[in-house]
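This report refers to the structure that appears directly beneath it.
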Amino acid sequence: MLLKLEVLEAIKRGDITLQFRRWTRPTVKPGGTLKTKVGLLQIGRIDDMSPSAVTEADAKKAGFKDVAAFNKWLGTMKEGPLFQRIEVSYLGDAS
């Protein structure tokens, strides 16, 4: 799961606690970790869902102003058969 540095920094601060991904094959698992430029991320609960089910609250937890901003971002993403809501948090330094 590739994340932009600005998103990673927001996760580290606790400002972002969700990510959404559209993909063919997931690359993260619940309870797993992800080594990034800012340290280790904890992967929490993962839910399969439809993009139309994303709420205002979820969009904001993912760093978007609102659902409209989320939908604009989603329009730039590759299509994939799976759409997932992924809880993320900062775990600590990767060393």
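Nothing in this text is a laboratory measurement; each read-out follows from the coordinates by a stated rule. Just so it is clear, the model here is predicted, and its values are computed rather than measured. Cβ: placed from backbone, ideal geometry, glycine included. Neighbour counts: every protein chain shown.
Our summary gives the chain a relative contact order of 44 percent, counting only alpha carbon pairs under 8 angstrom and 6 or more residues apart. Just to be sure I understand the curve: with the Debye formula and one point per C-alpha of the stretch 5-92, what is log10 I(q)/I(0) at q = 0.14, 0.20 Å⁻¹? The Cα Debye sum returns log10 ratios of -0.46, -0.97.
Charged side chains reduced to their Cβ positions (Lys and Arg at +1, Asp and Glu at -1) give the stretch 5-92 a dipole of some 280 debye around its Cα centre.
When the charge dipole of the stretch 5-92 is built from unit charges on Cβ atoms (+1 for Lys and Arg, -1 for Asp and Glu) and taken about the Cα centre, the candidate among Pro51, Gly39, Ala69 whose Cα reaches farthest toward its positive end is Gly39.
Rank Gly63, Gly44, Gly32 by mean-square fluctuation in a GNM of the chain with C-alpha springs under 10 angstrom and give only the top-ranked residue. Looking only at Gly63, Gly44, Gly32, the biggest GNM fluctuation is shown by Gly32.
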